[in-house]
1. For segment A:269-295, name all the residues that are under 13 Å from A:LEU233 (Cα atoms) and open to solvent by 10 Å² or more (accessible area, probe 1.4 Å).
2. Considering segment A:239-260 alone, what residues qualify as being of a type in the set (Lys, Arg) and open to solvent by 10 Å² or more (accessible area, probe 1.4 Å)?
3. Out of the residues in segment B:135-151 that are within 7 Å of another protein chain (Cβ to nearest Cβ) and assigned to a strand (DSSP E or B), state the one that is farthest from B:ILE167 (Cα to Cα).
4. In this structure, is A:VAL101 part of a loop (DSSP other than H, G, I, E, B), among the hydrophobic types (A, V, I, L, M, F, W, C) and in contact with a strand residue (DSSP E or B) (Cβ under 7 Å, 6 or more places away or on another chain)?
5. Pick from segment A:45-55 the residues that are in contact with a strand residue (DSSP E or B) (Cβ under 8 Å, 6 or more places away or on another chain) and open to solvent by 10 Å² or more (accessible area, probe 1.4 Å): which of them is nearest to A:GLY88 (Cα to Cα)?
6. Say we look at segment A:229-286 and pick out the residues that are under 22 Å from A:ARG321 (Cβ atoms) and among the β-branched types (Val, Ile, Thr); which of these is nearest to the other protein chains (Cβ to nearest Cβ)?
7. What is the number of the single condition among (1) open to solvent by less than 50 Å² (accessible area, probe 1.4 Å); (2) β-branched (Val, Ile, Thr); (3) within 12 Å of chain B (Cβ to nearest Cβ) that A:ILE109 does not meet?
8. Go through the residues of segment A:18-36 one by one and say whether even a single one is outside the structural domain of A:ALA349 (by TED's automatic domain parsing), loosely packed, with under 14 Cβ neighbours inside 10 Å and within 20 Å of A:ALA443 (Cα to Cα).
Amino acid sequence: MNISQSTSLEPGQLREAATRLRDTDGRMQMAYAWYPEPDRIELRYVATEAGRQEFAIWRCVPPNGVPSLATIWPLMGWHEREITDLFGVDFSEHPQAQRLVLHDGVNPICPPFSPKYPLDLPLQHEPVRQVVPELVGATADVQLLPFGPVRADVLESGEFLFFYIGEAILHYQPRLFFKHRGMEKRFEGLTAAGGVVLAERVSGVGSVAHALAYCQAIEAAANCTVPLRACFLRVLLAEMERLYNHLYYLGHLCHTTTLKVGEAQGKLLAERSKQLNTKLTGSRFLRSILTIGGLRRDLSPKGWLSAELEALREDYSVYARHLESTDSHLDRLITTGVLDQRVAFDQGATGPIQRASGFDRDLRRDHPYAAYGQLPVSVPVREAGDAHARAQVRMDEINASIALIQRVLLLLPDGPVSAECKAPPKSEGLGWSESPRGTLFYAVHFDDRGTLARVKIKSPSFSNWRVFPFTVHGSNMMDYAINEASFGLTIAGCDR
Amino acid sequence: MPLWTLLGLMEGKQTAPWPLAEGADGQAGFIGMPRYNPANCTDVCQACADVCPTRAITMRPTAEKADGKDGRLDIDYGRCVVCQLCTEACPTEAMTPSSDWAFGAQRREDLIWRTPPLRDRAPGKRRTQSFRRSLHIRHVDAGSCNGCESELQALNNPFYNLHRLGIFFTASPRFADLLLVTGPVTNAMLTPLRATYEAMPEPRWVMAIGTCAVSGGVAEGGYASGHGLDGVLPVDVYLPGCPPNPAAIIHALMMFLERVPQRVKGGQLDQ
């Protein structure tokens, strides 16, 4: 979607607009800052309005102390803190005005996204003692467990603080952004085509979703049309990505409930799915295939993929049936890590996480892109909001993905797979995709030479990591690993 | 639970015989590092160097082109993210796609293109016999995109079944012989990474997995990201790839244990 049609708001009007959005069944999606000119900063807000496919975009030029929207839309809390850390814009009356992306002990000479910040100057990290919430009352029995950033097993880096008594967790605080690579800044100065390689490497297990949202943002800025065959193949690739992610998810969930054979079988199915990816594209992560205007080369899935997928589906359905009838597994999932529907909405849960808490939302159906508008997209929803519901949503999505791929294989039209696509200088665009983990946005802005001036990435894990702690407070240590696995989060996507 | 055991047994053996015996390694169709054929390279073109996102390909200074045999390009496979842009940009098939992935190397310079392939490899540091069938690994994610983790996690699926080779991941650096690092080393991970290395008992070794850990990859530099492991920790094995597939990781580990030979020399695989 071309984002030149946006509403300009005065800082004083922001809260009123945000409140109206909330009262009319809309939803805030994200906020970001950028520099239209070296000395002028601008804030952008992206929102969904009830019943509208187009996203609403608000623009606002900040004075010092823009009113924070976090008290109206709690999910905005993290977005605003990120803007403060990276752009130096302060928000007034922010309920949690602390560092998020930059850790305590980092004191840059100026905000790292400022045009004045020297290229390639690394931030210096001074070791500081971490500030933890102060406990009041009788605290003698409360223990603090700092866990990470290097954790057990092959896992991504992140630090977690547990305040606990015996088995019971009183308070849980994740400290992320150890993996912050400054990816958004790496896009600056690149050509549109050059950015695809970068977008594929923001979150490895979301390579297609990221590249797709990025390409669609550029295509929106350039106002070009992607050939039909490429649109269908993009759906095929996106669903293949969902497939291997969800299969691995189930295997990993079995790992946390110590269902050993279930773990082995889930991970074996994921491996088979990745090997199909290789056969189809040469890449286990479906990389090096998407580009601006379509695909880099044609794919030939006809004649073999359908049969392979059907064999995979048969094995998967036996596996899923056994999982759903194993009491020892289900006992650990049911009622574990319940995410209340209200909290899910307020804190911005997305993807399978919000669908497991009763929200019937999916970008593929509600804001269709690629060829999804011409395909029947079924959106599984559960009400319970526990680990079992989150697993069930993903299990249903596996079946839905395979059905979608089979449909694409039936309908796949012949024709070219790429079109000329050149974004003019000073143009801007918004792209999105429903990644295996939820809503993913890319906003792109070009400068007057036609190279990238700003790329903003709103990844689903950024949203879901904010939500996750709400299901941990008051739970117990034994359930923690299961609960975390049931969210299926990536840290790379969140930290960028 | 007995039902699952029965089901598991009924599945039969799912593990690939490779690398202990001949057989499929699971990488059919994999597109790996591009191959350079200097004979096809023309004098007027630098399309590949222009599109390379990580400056893995650079034009050799004119003075050094004279002998002609090495071609006109400097190619550092330690910087390659396998994006295939060069193979698409090249008008003369001097850069072509290949299935080459076994790029584990003990010396950084083995990843740099030369012709003819270097034969004078000095033997790497000898490791004691006792590690060869019982290696314990501690992994540290120093800011990767999670692609390398995804492939490392795949090593313990039934298809690759890393345990059968006597190679294990361990939770504590105190029990680890080998530190396996992914990611470009972000500023925030530098201290935890060094602390993990310091916690390992000697003798200890380090392997850089993925192009980010070898040289920084697409995220190299900037305000938050590093340039890989060089200058941070002493590296014993480099394995570029974006990400390297599980078979490439197994090959690099087996090579580290001196159970298979290194295959890459002068940026090319032995055939």
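The values are calculated or read from the model by the stated rules, or taken from the named source; none is laboratory data. These numbers were taken from a predicted model, which means no experiment stands behind them. No Cβ is skipped: glycine too gets one built from the backbone with ideal geometry, and neighbour counts run over all protein chains shown. Heavy atoms of the whole protein, side chains included, go into the accessibility calculation; ligands, DNA and RNA do not. Shrake-Rupley method; radii C 1.70, N 1.55, O 1.52, S 1.80 Å.
1. A:LEU280, A:THR291
2. Within segment A:239-260, just A:LYS260 meets the criteria.
3. Among those residues, the one meeting the criterion is B:ASP141.
4. No, not satisfied.
5. A:THR48
6. A:VAL261
7. (1)
8. no
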